[in-house]
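The values are calculated or read from the model by the stated rules, or taken from the named source; none is laboratory data. In this text the structure is predicted, and so the values were computed from the model without any measurement.
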Amino acid sequence: DVLGEEGIGCIPFSPLEQGILTSKYLDGIPEDSRAAKSTGYLQKDQVTEKKIEQAKQLNAIAEQRGQTLA
């Protein structure tokens with residue numbers, strides 16, 4: 001509630017959504033990524049088309065503002 005009142009966004013639990021919000025996955029799952037190797041916390045099935053599309057939309061907003069997605 002406080003974040004909303006202050007107009008502040010928040011991505012809880014995992015830094016930058018396990019890398020999805022770093023622009024690394026905008027074109028799918030890179031072969032050298034953790035998701036491709038299926039080891040650790042980020043699994044291939046977690047990098048969904050919906051998440052990629054949402055990241056692309058956020059990336060477009062960031063670019064308009066002269067910022068990076070991260």
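Take the residues in segment 52-70 that are more than 14 Å from the chain's Cα centre (by Cα) and in a helix (DSSP H, G or I); name whichever of them is nearest to residue 22 (Cα to Cα).
This residue is 63.
So which of 31, 49 is within 14 Å of the chain's Cα centre (by Cα) and at pLDDT 80 or above?
Going through 31, 49 in turn, the sole match is 49.
So which residues in segment 12-28 are at pLDDT 75 or above, among the hydroxyl-bearing types (Ser, Thr, Tyr) and part of a loop (DSSP other than H, G, I, E, B), if there are any at all?
Hits for segment 12-28 are 23, 25.
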